[in-house]
Amino acid sequence: MAKIKDNTIQIVFISLIFDLLAFTMILPLLPALLDYYKDVENDQGLYFKILHYVQQARQFFDAPDKVSTVLYGGFLGSMYSFLQFLGSPIVGALSDIYGRKPLMLFCLTGIMMSYLLWALSCNFTIFVLARFLGGISKGNISLSMAIITDVTSPQTRGKAMALVGIAFSIGFVVGPMIGAFFAWTSANNREGSWYIVPAVFALFLAASDLCFILCNLRESLSPHCRAKSLKSGISGAITYISPVDLFQFNGVSSLNLQDKKNLRTLGYAYFMYLFIYSGLEFTLTFLTHYQFEFTSMQQGWMFLGIGLVMAALQGSWVRTIPPHKTKHTAELGLWLIIPAFVCIGIAENILTLSIGILLFAVSTAMVVTCMMTLVTRIGPENQKGVITGVFRSLGALARACGPIIASTAFWCIGSKTTYLIGAVFLVFPPLILQSIKSL
């Protein structure tokens, strides 16, 4: 039985690598893609309709004209995260009833079709439709965590969850490098539909992932452990996407009072952390570009360094943390992000900035993995899919809103004030987490 479990974890890890490489390789290509659609569309196209509102936002922030592309990319990223927020809890809940594998195949098929649409996106409307389909299908991440929960014990779950963090680190290191290569080649050849080559490569990765899961993944949730039904009716469906219900974890049934209290507390801490964290993370590129005059290549090296530190920590230390120290490690990581953003905010030289970025990477490696491990310990086995789905959905909602608020503050009150205010509010997540005594 242990061998089957080990194989399952390895299969999930490889699947995440395929998925995250395809997902992250588009990031360096976004500026060139937006320039391409700007050239091929007329003034009445969807690109220019959205650009009108982006320009209004830029003028309101009194930001430089060159920031428009970054804000445009932020709009697309927020849309993608918002769609994950809508889709993840529903996919997780359905997997508790019908099993993990059918829903995983459904999500991976949707992701694959989104890359196919990207390859066919002769105009910006089709490209946005591709991103829409990809975002709403992104429940595979929460399903991966539910599968790991199914096949591990509380004692071994932290080590397995750390592999998810390692997969993210690898994906966010290697994927953008692949995208940067395509961006470099496209800069030398912008004739015709140059984006088709990277889109087809992403499609190949997604198709490989789908075939790999189809052939290798065994169903991890046995029939006798499955939930009987979703909450009925329209009101039941709203329970899985309403922010109020998500924060209360009302879509999860059969919870005792203590478990529900612990889930809600974890959800509040996780949302507040990611809301502030994602916003300041998004503005980091503004800060390094305008204050330190980083080029795109230098920013690429910066994020490469962050990814390598995270991968090294998660591969060596985080995955060996004993179960009884998981909560303590999460709290420590939440405290570390405060001096990280203080250093970044007040930095007037590369040394102070580097210290802040190092603390940022160390904290990131600790927090999300440990908090996901904590949340998988709560609730009955037949509700793990919806629990992880709701938790991921709260994170996606935070990532959809955080960059908008942080960008507004960055251009209205300045980078130093924004980062210091963010650091002050980041005191609350570890204090909230400390209130949980029973994990």
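Per-structure values
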{"item": "Extended-chain gain in nm, criterion 0.36 nm per residue less alpha-carbon gap, Q10 and T295", "result": "98.9 nm"}
{"item": "Convex hull (Cα only) mean projected area of the chain, reported in nm² to one decimal", "result": "20.2 nm²"}
{"item": "Value of relative contact order over region 341-439, rounded to a whole percent, pairs C-alpha under 8 Å and six or more apart", "result": "37 percent"}
{"item": "Gain upon complete extension [Q434, L214; 0.36 nm per residue less C-alpha separation]", "result": "75.0 nm"}
{"item": "Structure-based [θ]222 nm, the chain - -39500 (n - 2.57) summed over DSSP H runs of at least 4, per residue, nearest 500", "result": "-27000 deg cm²/dmol"}
{"item": "Gyration tensor verdict on region 294-439 (Cα atoms; rounded if a/c is under 1.5, prolate if a/b is larger than b/c, oblate otherwise)", "result": "prolate"}
{"item": "Å² per residue, accessible surface of the chain at 1.4 Å", "result": "42 Å²"}
{"item": "Whole-number percent relative contact order across the chain, with pairs defined as alpha carbons under 8 Å at least 6 apart", "result": "27 percent"}
{"item": "Stretch gain in nm, segment I196-D65, where the contour uses 0.36 nm per residue and the Cα spacing is subtracted", "result": "44.3 nm"}
{"item": "Of K159/K228; K101/K327; K159/K437; K101/K228; K260/K325, those spanning more than 28 Å from alpha-carbon to alpha-carbon", "result": "K159/K228; K101/K327"}
{"item": "Residue-wise HN-Hα coupling along region 150-156, computed from phi with Karplus coefficients 6.51, -1.76, 1.60 (Hz; x: Gly, Pro)", "result": "4, 9, 10, 8, x, 6, 9"}
{"item": "Portion, in percent, of the accessible area of region 280-439 that falls on carbon or sulfur, probe 1.4 Å", "result": "70 percent"}
{"item": "Reachable aspartates and glutamates, given that their alpha-carbon falls under 16 Å from the alpha-carbon of K38 and they are not under 8 places away in the same chain", "result": "D65, E191"}
{"item": "Percent of Cα pairs exceeding the 29 Å cut-off, where the set is region 52-202", "result": "31 percent"}
{"item": "Förster-model FRET efficiency, 41 Å R0, I126 and T417, C-beta, rounded to 0.05", "result": "0.50"}
{"item": "Accessible carbon and sulfur surface of region 1-95 relative to its total accessible area, %, 1.4 Å", "result": "60 percent"}
{"item": "For Y240, distant residues with modelled amide H under 5 Å away", "result": "none"}
{"item": "In nm, spacing of pseudo-spin labels at Q55 and H224 (7 Å Cα→C-beta vector)", "result": "6.6 nm"}
{"item": "Shape of region 387-428, Cα gyration tensor, a/c cut at 1.5", "result": "oblate"}
{"item": "Radius 14 Å from Cβ of G134, net charge of other residues (Lys, Arg +1; Asp, Glu -1)", "result": "0"}
{"item": "Prolate/oblate/rounded call for region 245-329, Cα gyration tensor, a/c under 1.5 rounded", "result": "oblate"}
{"item": "Euclidean distance between Cα centres, region 51-116 to region 331-351, Å", "result": "28 Å"}
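The values are calculated or read from the model by the stated rules, or taken from the named source; none is laboratory data. These numbers were taken from a predicted model, which means no experiment stands behind them. Positions of Cβ are backbone-derived with ideal geometry, glycine not excepted, and every protein chain shown enters the neighbour counts. What goes into the accessible areas is simple: the full protein's heavy atoms, side chains included, and nothing from ligands, DNA or RNA. Shrake-Rupley method; radii C 1.70, N 1.55, O 1.52, S 1.80 Å.
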